[in-house]
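The values are calculated or read from the model by the stated rules, or taken from the named source; none is laboratory data. Worth saying up front: this structure is predicted, and the values here are computed from it rather than measured. So basically every Cβ, Gly included, is an ideal-geometry build from the backbone, and we count neighbours across all protein chains shown.
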Amino acid sequence: MQLPEPPFRDSGPCMGPRAHEAECPDEPEWNEEVEAAETHLADLVRELDRRWGTHRRVAMHVPLFRKQSGEPMPPLFQALCGNDAYGDLTVWGPVRAGDEGRAPGRWAGVSVGHSDGDAPLVMVAVTSDRPIVELEGAP
């Protein structure tokens, strides 16, 4: 499956090396933008499920609450919150990387969302050498 090439922009040093965000295509109506973003994400999730197996969901509400209260959290979630990336993550891992899957396992996740009503929808992809797991805390 060939996925469309979205316009990527480097998200800067706070997201770490090899982290990128892709703005979803502009559409005239907000509902159409949301539908297009969710369709792009669903296509990507299907392809990654085919390659890496079944995904799981990691909710972002606990990191959001921790950010609001100034509580500590792992660097990956700090980076996501610092970039207003609050969409729940779809996660795979550990997955093998590199030629013929010989590189050490990595965790990968994708999400789509926006920071507020006026912000554009953004698709985020993350990788980690540590497990990406849901943080414990009150809902």
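Restricting ASP88, ASP129 to those that are modelled with pLDDT of 85 or more and under 23 Å from ASP43 (Cα atoms) reduces the list to ASP88. Considering (1) within 30 Å of ASN31 (Cβ to Cβ); (2) at pLDDT below 95; (3) not aliphatic (A, V, I, L, M), the lone condition that HIS55 does not fulfil carries the number (2). Taken across region 92-112, residues that are at pLDDT below 90, of a type in the set (S, T, N, Q) and either within 20 Å of LYS67 (Cα to Cα) or surrounded by 20 or more Cβ atoms within 10 Å (Cβ to Cβ) (or both) do not occur at all.
Residues that are under 16 Å from the mean Cα position of the chain (by Cα), among the small types (Gly, Ala, Ser) and modelled with pLDDT under 90 within region 113-126 comprise GLY113, SER115, listed in sequence order.
Quick one: in region 49-90, of everything that is among the hydroxyl-bearing types (Ser, Thr, Tyr) and loosely packed, with under 14 Cβ neighbours inside 10 Å, which residue is nearest to ALA119 (Cα to Cα)? Step by step, filter region 49-90, then rank; the result is SER69. For region 57-94, a residue qualifies if it is aromatic (Phe, Trp, Tyr) and in a loop (DSSP other than H, G, I, E, B), and exactly one does: TYR86.
Got a sec? Which of THR39, THR54 is over 21 Å from GLU134 (Cα atoms), out of contact with any Pro (no Cβ under 6 Å at 6 or more places or on another chain), polar (S, T, N, Q) and outside any strand (DSSP E or B)?
Only one candidate passes the filter, namely THR39.
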